[in-house]
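Structure first, then comments.
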Amino acid sequence: MKVMIIGSGGREHALAWKIAENPKVSRIYCAPGNGGTALEHKCENIDITDIKALISFAKAESIDLTIVGPEEPLTNGIVDEFKKENLNIFGPDKRAAMLEGSKIFSKNFMKKYGVKTAEYECFKDVKEALNYINFCEYPVVIKADGLAAGKGVVICSTREEAVKAIEDFMISDIFKGAALEIVIEEYLEGVEASILSITDGSTILPFLSAKDHKQIYENDMGPNTGGMGVIAPNPYVDDEVMKSFNEDILLPTLRGIQSEGMDYKGIIFFGIMICRKGVYLLEYNVRMGDPETQAVLSIMESDFLELMLSSLSESLHDTEIRWKQGSCCAIVAASGGYPAFYEKGYPIRIKENIPGKVFAAGVNLNNGILETSGGRVLCVTACGNDLTSAIEKAYEAVEFIDFKNMYYRKDIGKISENCEKAFKEQESYELV
Ligand code: AMP
Ligand code: GLY
């Protein structure tokens, strides 16, 4: 079987590595891939990103299945285009991808189908938005409607901050059209969790929960990044949280997908907030998370390719996902300066017998030498019998890696003071 994976990040390297486990898979084409996928078992990089050219390649090489990593090709309708040509592809169609591509679409979907989410209002008129923030409670959350590379959400503590965000988004147009319409939303305090899942449109099977560490600095300080590290499972996601998640978020989402007639055979990633007043959905992503994928696939026992094939044949109802015992920890090694300016082109050294798996992200293979080429460079994952041993092993593995200006957080898996505070408040609430 020949598989093509679209994308070039650590997530796509992890997908390629996991799929290569399946004995039926003979070749994996990574479009365009990175320095890590270039060296991965069964993998070959191809320098194609344009949808039409990908279709021609899939036909010429008789690709049996295409898997889409990032959100952009999905919101651009790659799944619809492949299906028109009778090519097998795993991912939601263009309309379902709006669940990530438009915050207004997704919030209205949540409201229509009773998915528990923060209160909100949508605006396309600057004056109305500016007027609304005169009367709302603070902090307040302002969100760009469209895709803004993870930077389209601002938490505003004061009216002045809210005015600035609205002006940046709607007047200065800093996201080039993606923030001309906005959502203004109630601020929720609590503990976040990432729950990835797979669906065939009739069944949604959640994966093991994960906890992302989004901020650049320790103790969840500094600007947000794509994600600096993950642990799985998320220690805050217990049976009670899963029960609320299933009842208040997963099942109403499934009803919505079915009622809207969406063609959804792919991944749904639920970004949730566990609050005093319940479990809330912050957002849908229509793809795997990065670095959630690196951790979650490392601890998945099941054959992921078979799961995707079950989704495509609409047979997830009689499929079970198996997980390895214990926990997994994934640590991102970034270029110093990220998420702002950083230098690239530095050689990467990885010592032999590293006690973890290294997934490449911003990495080029240049004449046989791995070089840094992006902000998030590598992600090292290690599994252990429990969370403590997984974390220890992952940090031991990071010591085997070296490149100029390498930066990583030293507290992946630790609970930040803010998180701890929010969780304690929640416990005391439950005791009352
Ligand atoms: P989103 O893209 O909607 O998930 O937002 C990105 C990040 O902003 C989330 O991971 C949260 O950390 C934060 N966030 C989004 N919405 C809210 C909210 N209503 N209350 C508090 N934080 C939020
Ligand atoms: N790590 C968060 C995301 O992939 O959106």
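Miscellaneous remarks
- Here the Karplus relation 6.51 cos²θ - 1.76 cosθ + 1.60, evaluated at θ = phi - 60°, turns the backbone of segment 23-39 into coupling constants of x, 6, 7, 9, 8, 10, 9, 9, 10, x, x, 8, x, x, 5, 4, 9 Hz, with x for every Gly and Pro.
- Low-density loop positions, GluC sites (Glu not before Pro), segment 1-109 - DSSP coil, at most 15 other Cβ in 10 Å: GLU21, GLU61, GLU85
- Range in the chain, longest, excluding exposed chymotrypsin sites (Phe, Trp or Tyr not before Pro) [loop by DSSP; at most 11 other beta-carbon atoms within 10 Å]: 136-340
- Choice from ASN385, ASN88, ASN45 with maximal GNM fluctuation in the chain (Cα, 10 Å cutoff): ASN385
- Segment 314-345 versus segment 212-286: alpha-carbon centroid distance in Å: 15 Å
- For segment 94-176, the mean projected area of the C-alpha convex hull, equal to one quarter of the hull surface, is 5.9 nm².
- Pair ASP386, ASP402: separation of 7 Å Cα→Cβ label points (nm): 3.4 nm
- Pairs over the 21 Å Cα-Cα cut-off, from the set LYS24/LYS59; LYS52/LYS344; LYS18/LYS243; LYS52/LYS176: LYS52/LYS344; LYS18/LYS243; LYS52/LYS176.
- Averaging the sequence gap over all C-alpha pairs within less than 8 Å and six or more residues apart, then dividing by the number of residues, gives the chain a relative contact order of 17 percent.
- Point-charge dipole on Cβ atoms (K/R +1, D/E -1) for segment 128-236, about Cα centre, debye to 20: 300 debye
- Here ASP318, ASP125, ASP145, ASP80 are placed in order of increasing Cβ neighbour count within 10 Å, fewest first, which gives ASP318, ASP125, ASP80, ASP145.
- Segment 176-324 - Rg over Rh from alpha carbon coordinates, Kirkwood radius: 0.97
- Comparing ALA360, ALA60, ALA14 in a Gaussian network model of the chain where C-alpha atoms under 10 Å apart are linked, the largest mean-square fluctuation is found at ALA60.
- Cβ-based charge dipole, the chain, positive-most Cα from PHE207, SER335, PRO139: SER335
- Residues ARG349, ARG376, ARG287, sorted so that the one with the fewest Cβ neighbours within 10 Å comes first: ARG349, ARG376, ARG287
- Whether segment 262-344 is rounded, prolate or oblate, judged on the alpha carbon gyration tensor where a/c under 1.5 counts as rounded: prolate
- Inverse mean reciprocal Cα-Cα distance (Kirkwood Rh) of the chain, Å: 22.2 Å
- The distance between label points at GLU240 and LYS164 comes to 3.9 nm (points 7 Å beyond Cα on the Cα→Cβ vector).
- Based on C-alpha pairs under 8 angstrom that are at least 6 apart in sequence, segment 247-349 has a relative contact order of 19 percent.
- Max mean-square fluctuation residue, GNM over the chain, Cα-Cα springs under 10 Å, options LEU309, LEU196, LEU39: LEU39
- Here VAL163, VAL332 are placed in order of increasing Cβ neighbour count within 10 Å, fewest first, which gives VAL163, VAL332.
- Label-to-label distance, nm, for residues given as LYS52 and LYS2 (7 Å Cα→Cβ offset): 2.2 nm
- Summarising the overall dimensions of segment 24-127 from its C-alpha atoms, the Rg and Dmax are 17.8, 59 angstrom.
- The separation of segment 29-73 from segment 125-192, counted between C-alpha centres, amounts to 36 Å.
Bear in mind that the values in this text are calculations on the coordinates, not laboratory data. Owing to the predicted nature of the structure, the values given are computational and were not obtained by experimental measurement. Heads up, the Cβs are rebuilt from the backbone with ideal geometry, glycines too, and the neighbour counts pull from every protein chain shown.
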